[in-house]
Amino acid sequence: MSLQLGVQFQLLKTKLVAIYEKTGAESSFLLAPMDIKEVNSVSLKEMKDDFKAAFSSEITAKQIEDSLTAISNESNGENKFNLENLKFTLKTAYIYKKGNTKEYAFAIEVDCGDAIPDLGFVKIEKLAFKIWNTNKNVILQQLNLDTIENLVKKLDAPEKKIAEA
């Protein structure tokens, strides 16, 4: 069995990907920028302004707590969390069993774009859940797998190598 959980998000206006992967008994985790060349910065004032805009005009610890508590409730004028706007996509569903042969694949992607407010310095874009036990190419293509091993290889791209001493 193989499993992959992933999230695409922005932190300090830099796009990142975090992936947990388990294949058999081996597991791995990766946190990496989606584009090495795209590194941004955010001022403390911008972060405060983004936080205020996401929760309300006058921000207090009580209002933040109330807003977070109200995530599952219907959106009101001050709360910009709207879980009804989560978009779920079934990427693949596959089960095959014949005798001792058992194959399966299941993948769901959750687009968080309009459901969770953009705090400016933190923005959750997508969540992904994938589980599979098959080598069927068409099914693996539907899963749209980019394994941690492949992503790490991309970080070793030969475009610019640091000079060796």
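Read-outs: derived from the displayed coordinates by stated rules, not from any lab. For clarity, every value in this text was computed on a predicted model and none was experimentally measured. Reconstructed Cβ throughout: ideal geometry from the backbone, glycine too, with neighbour counts over all protein chains shown.
Points to keep in mind about this one:
- Residues of region 1-42 falling in the label zone of F129, defined by backbone nitrogen less than 13 Å from a point 7 Å along Cα to beta-carbon, are 4-6.
- With R₀ fixed at 30 Å, the C-beta to C-beta distance from A32 to I95 puts the FRET efficiency at about 0.40.
- Under Karplus coefficients 6.51, -1.76 and 1.60, residue-wise ³J(HN,Hα) of region 99-113 in Hz, glycine/proline x: x, 8, 7, 10, 10, 7, 7, 8, 8, 10, 10, 10, 8, 9, x
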